[in-house]
1. Is there any pair linking a residue in the stretch 18-34 that is outside the structural domain of Y86 (by TED's automatic domain parsing) to one that is polar (S, T, N, Q) and surrounded by 14 or more Cβ atoms within 10 Å (Cβ to Cβ), with Cβ under 9 Å and at least six apart or on different chains, and which?
2. For the subset of the stretch 250-287 comprising residues that are at pLDDT below 90 and among the aromatic types (F, W, Y), which member is farthest from R140 (Cα to Cα)?
3. So, in the stretch 146-165, how many residues would count as being surrounded by 17 or more Cβ atoms within 10 Å (Cβ to Cβ) and more than 17 Å from the chain's Cα centre (by Cα)?
4. Assess whether H191 counts as being in a loop (DSSP other than H, G, I, E, B), buried (at least 18 other Cβ atoms within 10 Å of the Cβ) and modelled with pLDDT of 95 or more.
5. Do you know which residues across the stretch 1-17 are without any contact (Cβ under 8 Å) to a residue 40 or more places away in the chain and in contact with a strand residue (DSSP E or B) (Cβ under 6 Å, 6 or more places away or on another chain)?
6. When you scan the stretch 250-287, how many residues do you find that are of a type in the set (S, T, Y) and touching a helix residue (DSSP H, G or I) at 6+ places or on another chain (Cβ under 9 Å)?
7. What do you reckon, is R112 assigned by TED's automatic domain parsing to the domain that holds G245 and within 19 Å of L184 (Cα to Cα)?
Amino acid sequence: MKEAADITVVLTAYKRVDSLRKQLEAIEKQSLKPAEIWLFQDRVVKDYTIRIDNGLLERFDHVQIERQNAGVWGRFQFARSARTAYVCIFDDDTIPGSRWLENCFTHMQKQRGIYGTIGIVSTSAETYVNNGHVRVGWARPNEVAREVDFVGHSWFLETQWLEYMFDGTKRYQAFKYAAEDMTLSYACQKHGIQTYVPPHPSRDKEWWGSYPDTALQLGVSAEALSLSGNEERMERAFTALIGDGWSILLKRNPAYVAECRRDENRYRRKRKMETVKRVLLRRWKSI
């Protein structure tokens, strides 16, 4: 049996208890085994009871059950107490491929940074929500590692960097249900740490940070926080961070952002053509 890597994985239970078992199984099957797997169970705001059977809880090395809702920041606060050099924190709608931790860890050795499942490259300094960004990762596969402004769905980083996230950021913590992803990259950038999405090779989803079919299904379910009217908070947080000096790629490297936009447009055209071909093929077979 291979020695476990110096990584603590933090999973989050909010409402999607059914997906927690699948997520845990995906972590247990990783090619690079984490030293510990932790669970952060947040309290749901409304009158909603979460019940996780003891058999499942016993598979975690450490479990924290909140008595009050901690918002999206609580799991990062929880992860600060990890004893390993690295942590990987997951959203509850993210089920990674079997080589995801290996992917992040390998690229961390080449370039220290925050690594995540889905990356956001801002195409506007004025807005984030209103078509002001392009995505990199499982939603648009990248064959090589790409720098982005911030990441979501999972975060792989050095544990010590979580201290930066909570240093002088109370203004952003007040958003509670938003801004944790942006603030992490903003705070680390002040210490020379940038944010990346490792390769998501189109021919091998085992390296991906999230299986796309599952991500699409869970991301639009009734439990998805991203669909709970959070857009206004995200927009205010983005504007505030830009005002406080967040140096997004659009400012530092506009040519790179233009390239990202062209890549996304090409990918959309490709997907559209693939859809048209599938429709025509079905029609031909039905004749």
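The values are calculated or read from the model by the stated rules, or taken from the named source; none is laboratory data. In this text the structure is predicted, and so the values were computed from the model without any measurement. Here the Cβ positions follow ideal geometry from the backbone for every residue, glycine too, while neighbour counts run over all protein chains shown.
1. none
2. W284
3. 1
4. No.
5. A4 - this is the single residue of the stretch 1-17 that is without any contact (Cβ under 8 Å) to a residue 40 or more places away in the chain and in contact with a strand residue (DSSP E or B) (Cβ under 6 Å, 6 or more places away or on another chain).
6. 1
7. Working: assigned by TED's automatic domain parsing to the domain that holds G245: yes; within 19 Å of L184 (Cα to Cα): yes.
So R112 fits the description; yes.
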